[in-house]
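First the structure, in the form of structure tokens, and then the observations on it.
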Amino acid sequence: MKLSELSDRSGTPVATIKFYLREGLLRPGQPVTATLADYGPAHLTRLGTISTLRRAVGLSVAQVRAVVGLIDEGADRIEVMKALQAVIQRLDAPRPGRTAAGNQVVAAVGWPDVPTGARAALDAHLEAMAALGVMPTDAQLAAYARAVVGGCQAGAGSVGAGSAPSLACAGLMFWLTWKKLSGS
């Protein structure tokens, strides 16, 4: 398809597509002539990915470039999700075992206590809640942890306790819940 058709089908303005081409976010089409290229389904898919990362997630062009770079390098979905999580949540270096409440959540659902972005996010959010004087009871933490795992399993199929998908999902769920509760 021509650039104009790619624009129509993707809902992305031609000028934006050209910008993405210049920035290296979108690979060039197959040259037909010196001034004409053919674009295919992979270009539509990539434009959808870029659009989601830019609009829905709010990533900068540089951040999108890093994420699509991982995809282009063949990184598996979990690695891409971990990178996205780190960017979205502005995560510090993971430090497992930082909070007693975090330890309790990890133990309640049988997750391994390993240095992941999800564990760092869990601890950071529990620390922020404690600083605000909002600390769930032990029973609430255990119930919430089980609910998060259930939600992640429903969204990702059968995900075992302690697996990377459940940890990544849980970190995002805790973050989204905290964002909702804090009004930010």
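List the number of the failed condition for residue 57; all other conditions in (1) modelled with pLDDT of 90 or more; (2) under 17 Å from the mean Cα position of the chain (by Cα) hold.
Failing condition for residue 57: (1).
Residue under question is residue 52, and the condition is that it be polar (S, T, N, Q), under 30 Å from residue 140 (Cβ atoms) and modelled with pLDDT under 90; does it hold?
Here the answer is no, as residue 52 does not meet what is asked.
Within region 6-25, is even one residue charged (D, E, K, R) and either outside the structural domain of residue 66 (by TED's automatic domain parsing) or in contact with a Pro (Cβ under 9 Å, 6 or more places away or on another chain) (or both)?
Looking through region 6-25, none of the residues is charged (D, E, K, R) and either outside the structural domain of residue 66 (by TED's automatic domain parsing) or in contact with a Pro (Cβ under 9 Å, 6 or more places away or on another chain) (or both).
Just wondering, is there one or more residues in region 94-113 that are over 30 Å from residue 143 (Cβ atoms), touching a residue at least 24 places away in the same chain (Cβ under 8 Å) and not acidic (Asp, Glu)?
Within region 94-113, none of the residues are over 30 Å from residue 143 (Cβ atoms), touching a residue at least 24 places away in the same chain (Cβ under 8 Å) and not acidic (Asp, Glu).
Is at least one residue of region 46-56 touching a Leu at 6+ places or on another chain (Cβ under 7 Å) and either touching a residue at least 60 places away in the same chain (Cβ under 8 Å) or over 21 Å from residue 87 (Cβ atoms) (or both)?
no
For region 115-127, indicate whether the set of residues that are β-branched (Val, Ile, Thr) and modelled with pLDDT under 75 is non-empty.
Looking for residues that are β-branched (Val, Ile, Thr) and modelled with pLDDT under 75, one finds at least one in region 115-127, hence yes.
Before we move on, is residue 66 of a type in the set (A, V, I, L, M), out of contact with any strand residue (DSSP E or B) (no Cβ under 7 Å at 6 or more places or on another chain) and more than 25 Å from residue 83 (Cα to Cα)?
No: the conditions fail for residue 66.
So is residue 102 closer than 25 Å to residue 119 by Cβ and either buried (at least 17 other Cβ atoms within 10 Å of the Cβ) or in the same structural domain as residue 139 (by TED's automatic domain parsing) (or both) or not?
Yes; evaluated as a whole, the condition is true for this residue.
Say we look at region 73-99 and pick out the residues that are modelled with pLDDT under 75 and of a type in the set (D, E, K, R); which of these is surrounded by the most Cβ atoms within 10 Å (Cβ to Cβ)?
98
Which pairs turn up if I take residues in region 65-81 that are at positive phi and assigned by TED's automatic domain parsing to the domain that holds residue 25 and look for partners that are surrounded by 13 or more Cβ atoms within 10 Å (Cβ to Cβ) and of a type outside the set (A, V, I, L, M) with beta carbon separation below 7 Å, at least 6 apart in sequence or on another chain?
From residues that are at positive phi and assigned by TED's automatic domain parsing to the domain that holds residue 25, there are no pairs.
Restricted to region 41-72, and to residues that are surrounded by 14 or more Cβ atoms within 10 Å (Cβ to Cβ) and hydroxyl-bearing (Ser, Thr, Tyr), which residue is nearest to residue 15 (Cα to Cα)?
Applying the filter and picking the extreme gives 51.
The values are calculated or read from the model by the stated rules, or taken from the named source; none is laboratory data. Model, not experiment: these values are computed from the prediction. When we count neighbours, we look across all protein chains shown, and the Cβ atoms used for this are built from the backbone with ideal geometry, even at glycine.
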